[in-house]
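The values are calculated or read from the model by the stated rules, or taken from the named source; none is laboratory data. Being a predicted model, the structure only gives us computed values, none of them experimental. Here the Cβ positions follow ideal geometry from the backbone for every residue, glycine too, while neighbour counts run over all protein chains shown.
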There are 2 protein chains.
Amino acid sequence: MTEPLPADSLELRSLVTEQGTLELSLTEVPLPSLSTGEVLVRVEAAPINPSDLGLLLAGANVASAVVEGTSDRPVITAPLADGALRALAARVGQSLPVGNEGAGTVVAAGPTPEAQALLGRIVAIAGGAMYSQYRAVRAPSCLVLPPGISAKEGASSFVNPLTALGMIETMRGEGHRGLVHTAAASNLGQMLVKLCLEEDVPLVAIVRKPQHAELLRSIGAVHVCDSSSPAFMTELIEALKATLATMAFDATGGGKLVSQILTAMEAAAHTSSGAYSRYGSTVHKQVYIYGGLDPSPTILTRNFGFAWGVGGWLLTPFLGTIDPDTFSRLRARVVAGLKTTFASSYTGEVSLVGMLDPLTLRQYSKQATGEKYLVTPNPADE
Amino acid sequence: MTEPLPADSLELRSLVTEQGTLELSLTEVPLPSLSTGEVLVRVEAAPINPSDLGLLLAGANVASAVVEGTSDRPVITAPLADGALRALAARVGQSLPVGNEGAGTVVAAGPTPEAQALLGRIVAIAGGAMYSQYRAVRAPSCLVLPPGISAKEGASSFVNPLTALGMIETMRGEGHRGLVHTAAASNLGQMLVKLCLEEDVPLVAIVRKPQHAELLRSIGAVHVCDSSSPAFMTELIEALKATLATMAFDATGGGKLVSQILTAMEAAAHTSSGAYSRYGSTVHKQVYIYGGLDPSPTILTRNFGFAWGVGGWLLTPFLGTIDPDTFSRLRARVVAGLKTTFASSYTGEVSLVGMLDPLTLRQYSKQATGEKYLVTPNPADE
């Protein structure tokens, strides 16, 4: 199955200039010529994840964004935060494609049987530059979606599902028996609630608003703690005693929440041991920071003994630590759950041109809990 | 070889009262009856390590210490810091013996051949309650000192030597190629300088005063950075580029030093990679906090990507992770180096009664860099 293909593909680009300005634009690039084992995917849906916004926006002040250019080739400019340029030195002057994952139809294929077999199939892919109309990728990297799963349903097959699965793999690999998750009402957080129920993993979900606690309880979460509640620490300690959770994944990073979690884990550990030790309990308490919703410094009060660790965690390096069989098992698990456990919901859809509308930009860049947008680079085909 | 033994042994005790007072005193306890595989050690020398001071003093204000009792049974009292009592709840009302390690002569032994073989030998021991005149310990836990090594020379055979060796073992076990050490002019720090030279491990030593930098250079340290220098960060980055050190052991804990080390490691890692990644370098950077010279919170600015970890590190749990052969190898290494690499120097000696003199207490509790005291519980025998 082939179809007439355009000569060019439209691609969204993010540029940081030497003058300290972010510039978002669309570029027409020639359709890539396929190497022997590659396929060409017409990208039909690609989510805007928090991890995309960092590369896309470089922390620029989107409230001050202005649009120039033409209606079908708009150009957004927005000022960077003061002092941000130095940290971005390595990307200044480079027009970067954006978009970590997406899904679409294979419309051309190289000559290998593996590539040819994918012609006409709907596949999920990852690896960057997904806010583009066409992407060439190696055939084995395609996650083939089964009949009945649309590109929109498969667009978020990698980042959130594999992150949720990766958290549980990491927990088991490091010998812990339960999880704590912060910013837990996010799309990812809801996924993790469902997955932990299926996997029989005790989960303590930390949210910041009462309505988020309700939302999570409505999908089956048992232990939900609201950090805006005056009783937060007491409730957290009780939840940790009940779950024996000694590993946390934190999306916020800054402030005292990481420290509070470790303090509460230590308090929960002390209830099960009587003897005094000035070095604290021997129970190892681990928090992984996998996001930076709060960019302020992490403040650790260190009143939780010496058996603790805090560190960064990212999906890509995690995937580098697992063997191919495990990776295949996780991918198959995602495909099987795309309409249930790993279903994503979207607040709205936006075209490539629409991404460069200042009002739309402010919407999808908010990172409001539970809000998520889907980019449709080929809306005419839908 | 046996000798007449007293009926009682004098033992130093530390007590935290419900009223928020620290009380240090001497207690006469009956000489322990030996179980079959035990030996009785007359403790002749025991160092006052920073790790002893925490249990001994409970953070009390020693400047306000007063002495009562009699001249041969003095009792020191000192007020605890405001709010400290809650964290000490588990030890309130318990009269605790103190002293992690020491050395002395085996003066009695149980009937097993292993125990009998130690009679008359000078041994180093660990395991607490060393600020006592006599200690019963299991024969296999004794580190037998070779002829020519005195109890004073062998008194610090465990904590500092095994910590220095443990840092290198941990570094190698986690795949790093060089070390950073803070508060590096300490007794332990000087030991680590010598050990790293022998082991060909690149070391970056961080000190807080110019004269400490000189001291370390005089014993062979190559990369010494003074955190009080305005050029500290620049010099640290250069040292990290030169050494490729990506693991640090930090004795201070509080403030920004841990974060500065991670930031400098990340800067050093970036010079060897050109491509931009908003997630930072993929080089894993690890800092272990093994002390708390600065009790204020640890402030992490998280401008060092996601490939990092910070955690607590203690000797005892580390020893629990190594196999018996490794432990034997490390102990043999210590014995072989007691007059060289692992030699400790002491600022002064103090008797059990002397420990309860307020002026002496203020001296040995200062934790001044490079100052260290030796307790001699049986001074009459020396």
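Looking at (1) among the polar types (S, T, N, Q); (2) within 11 Å of another protein chain (Cβ to nearest Cβ); (3) outside any strand (DSSP E or B), which is the one condition that is false for A:Ser229?
(2)
Take the conditions among the charged types (D, E, K, R) and away from chain B (no Cβ under 12 Å) and apply them to A:Lys256. Does it pass?
Criteria not met by A:Lys256.
Being out of contact with any helix residue (DSSP H, G or I) (no Cβ under 7 Å at 6 or more places or on another chain) and either crowded, with 19+ Cβ neighbours inside 10 Å or on the phi > 0 side of the Ramachandran plot (or both) is the filter here, so list the residues in the range A:314-334 that pass it.
Selection gives A:Leu314 alone.
Look through the range B:172-205, keep the residues that are in a loop (DSSP other than H, G, I, E, B) and polar (S, T, N, Q), and return whichever of them is nearest to B:Tyr290 (Cα to Cα).
Per the stated criteria, the residue is B:Thr182.
Residue-by-condition table, conditions (1) free of Cβ contacts under 8 Å to residues at least 12 places away in the same chain; (2) under 14 Å from the mean Cα position of the chain (by Cα); (3) closer than 16 Å to B:Leu315 by Cβ:
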{"residue": "B:Ala164", "(1), (2), (3)": "no, yes, yes"}
{"residue": "B:Glu174", "(1), (2), (3)": "no, no, no"}
{"residue": "B:Val180", "(1), (2), (3)": "no, no, no"}
{"residue": "B:Ala185", "(1), (2), (3)": "no, yes, no"}
{"residue": "B:Leu197", "(1), (2), (3)": "no, no, no"}
{"residue": "B:Ile219", "(1), (2), (3)": "no, no, no"}
{"residue": "B:Pro230", "(1), (2), (3)": "yes, no, no"}
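Among the residues of the range B:57-91 satisfying the criterion of being at positive phi and within 14 Å of chain A (Cβ to nearest Cβ), which is farthest from the chain's Cα centre (by Cα)?
Looking at residues that are at positive phi and within 14 Å of chain A (Cβ to nearest Cβ), I get B:Gly83.
Okay, residues lined up against (1) assigned to a strand (DSSP E or B); (2) touching a residue at least 24 places away in the same chain (Cβ under 8 Å); (3) not polar (S, T, N, Q):
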{"position": "B:Leu56", "(1), (2), (3)": "no, yes, yes"}
{"position": "B:Val67", "(1), (2), (3)": "yes, yes, yes"}
{"position": "B:Arg86", "(1), (2), (3)": "no, no, yes"}
{"position": "B:Ala90", "(1), (2), (3)": "no, no, yes"}
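Is it the case that the range B:112-133 has a residue that's buried (at least 22 other Cβ atoms within 10 Å of the Cβ), at pLDDT 95 or above, part of a helix (DSSP H, G or I) and of a type in the set (A, V, I, L, M, F, W, C)?
The answer is yes; a qualifying residue exists.
Looking for something among the hydroxyl-bearing types (Ser, Thr, Tyr) and modelled with pLDDT under 95 - is there at least one such residue anywhere in the range A:202-221?
no
Name the single residue, out of those in the range B:286-306 being assigned to a loop (DSSP other than H, G, I, E, B) and within 8 Å of chain A (Cβ to nearest Cβ), that is farthest from B:Thr271 (Cα to Cα).
Among residues in the range B:286-306 that are assigned to a loop (DSSP other than H, G, I, E, B) and within 8 Å of chain A (Cβ to nearest Cβ), the one farthest from B:Thr271 (Cα to Cα) is B:Gly292.
Tell me which residues, restricted to the range B:22-54, are within 14 Å of chain A (Cβ to nearest Cβ) and touching a Pro at 6+ places or on another chain (Cβ under 9 Å).
Scanning the range B:22-54 gives a single hit, B:Leu22.
Out of all the residues in the range A:262-272, is one or more more than 7 Å from chain B (Cβ to nearest Cβ), surrounded by 19 or more Cβ atoms within 10 Å (Cβ to Cβ), in contact with a Gly (Cβ under 7 Å, 6 or more places away or on another chain) and within 17 Å of A:Cys225 (Cβ to Cβ)?
yes
Can you name every residue in the range A:69-84 that is touching a strand residue (DSSP E or B) at 6+ places or on another chain (Cβ under 9 Å), surrounded by 13 or more Cβ atoms within 10 Å (Cβ to Cβ) and assigned to a loop (DSSP other than H, G, I, E, B)?
The answer is A:Arg73, A:Leu80.
Listed residues B:Thr316, B:Thr369, B:Thr321; which is more than 16 Å from the chain's Cα centre (by Cα) and polar (S, T, N, Q)?
B:Thr321
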